[in-house]
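Q: Questions regarding the structure given below will be posed in turn.
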């Protein structure tokens, strides 16, 4: 099966040709992947525009015959992004459990249900929760809400502009003292993976992974600055 982190091209089946589905379909096609998109309303395909070359299949994405017409048997991934939670979940489960698609994403408006299906191995995008979290991260003090938290609530990822007191310090010192890990650094518009010898520079954006219970300690260390050896 094709992986998302390789240059290998994939075939993706999308259920729902609303704003999300049509944007996703065009984005995938712009990257030279092949796409089949399903919608019960044929007029919805107008959102794709005249340059879309993928397959347009009228029907319901949880119907096995419709999925087969859309090429589900050769698909590498399936995205259920219609406006209905129930339809998205049923379609996602059919794609995963009947056709063996491993890369399955379902758009879910109810964050509580999204967490349940996340634990079943179906990646979910909880639209309302995502929007609320984005707002929270911008109005609350730094560290109050992470940019990502795993479904179990154990691990979090925070994007932090490097504090002035840590400029010129080695990343290994920050990690050891804060009990966190720097997943990557955004520096001068590019991402980089730090080594033990990497020195933090002004303007660096640090992407820190930490356990939820150690977050207060990590932010205290970031604010306090490095301790001398």
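The values are calculated or read from the model by the stated rules, or taken from the named source; none is laboratory data. What you see is a predicted model; the values in this text were computed from it and never measured. Using ideal geometry, Cβ is built from the backbone for each residue, glycine included, and neighbour counts are taken over all protein chains shown.
Q: Can you give me the number of residues within segment 64-92 that are more than 24 Å from residue 9 (Cα to Cα) and touching a strand residue (DSSP E or B) at 6+ places or on another chain (Cβ under 9 Å)?
A: 7
Q: Can you confirm whether residue 83 is within 26 Å of residue 148 (Cα to Cα) and part of a loop (DSSP other than H, G, I, E, B)?
A: yes
Q: Just the residues that are farther than 18 Å from residue 107 by Cβ and surrounded by 19 or more Cβ atoms within 10 Å (Cβ to Cβ), please, taken from segment 55-65.
A: 57
Q: For residue 65, only one of the following conditions fails: (1) touching a residue at least 12 places away in the same chain (Cβ under 8 Å); (2) farther than 24 Å from residue 114 by Cα. What is its number?
A: Unmet for residue 65, out of (1) touching a residue at least 12 places away in the same chain (Cβ under 8 Å); (2) farther than 24 Å from residue 114 by Cα: (1).
Q: Among 74, 93, which is the only one that is surrounded by 15 or more Cβ atoms within 10 Å (Cβ to Cβ) and farther than 15 Å from residue 21 by Cβ?
A: Sole residue among the options that is surrounded by 15 or more Cβ atoms within 10 Å (Cβ to Cβ) and farther than 15 Å from residue 21 by Cβ: 93.
Q: Evaluate the following for residue 109: is it modelled with pLDDT under 85 and touching a strand residue (DSSP E or B) at 6+ places or on another chain (Cβ under 6 Å)?
A: Spelling it out, it is not the case that residue 109 is modelled with pLDDT under 85 and touching a strand residue (DSSP E or B) at 6+ places or on another chain (Cβ under 6 Å).
Q: Then there is this: When you check residue 51 against the structure, is it at pLDDT below 95 and surrounded by fewer than 17 Cβ atoms within 10 Å (Cβ to Cβ), yes or no?
A: Yes; evaluated as a whole, the condition is true for this residue.
Q: Let me confirm something: among 25, 44, which residue is crowded, with 19+ Cβ neighbours inside 10 Å, in contact with a strand residue (DSSP E or B) (Cβ under 7 Å, 6 or more places away or on another chain), part of a helix (DSSP H, G or I) and assigned by TED's automatic domain parsing to the domain that holds residue 95?
A: Testing whether each residue is crowded, with 19+ Cβ neighbours inside 10 Å, in contact with a strand residue (DSSP E or B) (Cβ under 7 Å, 6 or more places away or on another chain), part of a helix (DSSP H, G or I) and assigned by TED's automatic domain parsing to the domain that holds residue 95 leaves just 25.
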